[in-house]
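Colleague: This is the structure I have questions about; it appears just below.
Derivation of every value follows stated rules applied to the coordinates shown; laboratory data play no part. Keep in mind that what you see is a predicted model, and the values were worked out from it rather than measured. All Cβ positions, glycine included, derive from the backbone under ideal geometry; neighbour counts span all protein chains shown.
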Amino acid sequence: MYLKGRCHMSYTTLQDFYQSLYAIHVSTGFLAHQICKASEALKPSYEELVQQLPTEEHLHVDETGAKKNGKRHGTWCFRRHRFTLFHIDSSRGSSVLEAFLGREYSGTLSCDFFGAYRKFARLSSASLQYCWSHLIREVRYLAESKVKKVLRYGERLLEQIRLMFKTIHCRGKIGEGTWYRRMFDHREAIWKVAWHRLPDDNDVYKIAERLWNER
């Protein structure tokens, strides 16, 4: 399971692995059968974690496109600090979140800006904490633009985000009240920069709207 799932070895690579290291010849059919047996043995533990998901107050969720037997699927990942659960589904839509978490879910999802999460938040009581890494990547893209106005806009916004993270890393080193006041000031500064002197650029408008609409 580890070599197949974690190390991404194909069945033929696994064959070579056992032949080279242990002088054991195994067929690909045997290997596939063993993987299935291990999966069945882990099924009760997997189902237990599925039942636990709706009770978690905070989950990190992500999905990515994948193919299964040549057809488009999505690989979903639900992460908590004690466990990580993967699920392969034919859908990358909000229906998967509804199925696993339910419309009664009132916790917080850390996620990217994918539309399925926003739709699920409208259908449920969930709160969304958008991933700063995704947003920073897009702002850096602006800061590397060949259009000077776009580049300067990206640099200004990136600097305000850097200052905010400097304060974030000071938490516990300064008073809690001072920390919250500084974070409030950073939020206002980021909004101000995001909506001041906007270049005529679609990517700039998208960033500005996200920062304002999603808060």
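Colleague: How big, on average over all directions, is the shadow cast by the Cα convex hull of segment 1-91, in nm²?
Modeller: So the Cα hull casts an average projection of 7.4 nm².
Colleague: What number, rounded to the nearest 500 deg cm²/dmol, is the helix-based mean residue ellipticity at 222 nm of the chain, given -39500 (n - 2.57) per DSSP H run of at least four residues and division by all its residues?
Modeller: Result for the chain, helices only: -18000 deg cm²/dmol.
Colleague: Given the C-alpha centroids of segment 24-75 and segment 86-160, what is the distance between them in whole angstrom?
Modeller: Their Cα centres are 25 Å away from one another.
Colleague: Tell me, what does the Kirkwood hydrodynamic radius of segment 93-215 come to in angstroms if you use every pair of distinct C-alpha atoms?
Modeller: Kirkwood hydrodynamic radius for segment 93-215: 16.0 Å.
Colleague: Could you tell me which of the pairs 119/148; 43/67; 119/166; 71/146 are separated by over 27 angstrom between their Cα atoms in the structure shown?
Modeller: With Cα atoms farther than 27 Å apart: 119/148; 119/166; 71/146.
Colleague: A further question on this structure: What's the FRET efficiency of residue 52 with residue 88 using the Cβ-Cβ distance as r and R₀ = 22 Å, to the nearest 0.05?
Modeller: 0.70
Colleague: Can you give the direction-averaged projected area of the convex hull of the alpha-carbon atoms in segment 1-51, in nm²?
Modeller: Across all orientations, segment 1-51 yields a mean hull projection of 3.8 nm².
Colleague: With 10 angstrom as the radius, rank 131, 36 by how many other C-beta atoms surround their C-beta, starting from the fewest.
Modeller: 36, 131
Colleague: Taking the Cβ of residue 175 as the centre, find all other residues whose Cβ is under 14 Å away and add up their charges (Lys, Arg: +1; Asp, Glu: -1).
Modeller: In short, +3.
Colleague: Once a ≥ b ≥ c are taken as the square roots of the eigenvalues of the Cα gyration tensor of segment 121-187, is the result rounded (a/c under 1.5), prolate (a/b larger than b/c) or oblate (a/b not larger than b/c)?
Modeller: Verdict is oblate for segment 121-187.
Colleague: Residue 106 versus residue 1, label points 7 Å from Cα toward the beta carbon: distance in nm?
Modeller: 3.5 nm
Colleague: Which of the peptides 74-80, 100-106 is most tightly packed, and how do the rest follow, judged by the mean count of other Cβ atoms within 10 Å per residue?
Modeller: Going by the mean number of other Cβ atoms within 10 Å, highest first, we get 74-80, 100-106.
Colleague: State to the nearest 20 debye the size of the charge dipole of the chain about its Cα centre, where the only charges are +1 on K and R beta carbons and -1 on D and E beta carbons.
Modeller: 620 debye
Colleague: For the chain, what relative contact order do you get, as a whole percent, if you take Cα pairs closer than 8 Å and at least 6 residues apart?
Modeller: 10 percent
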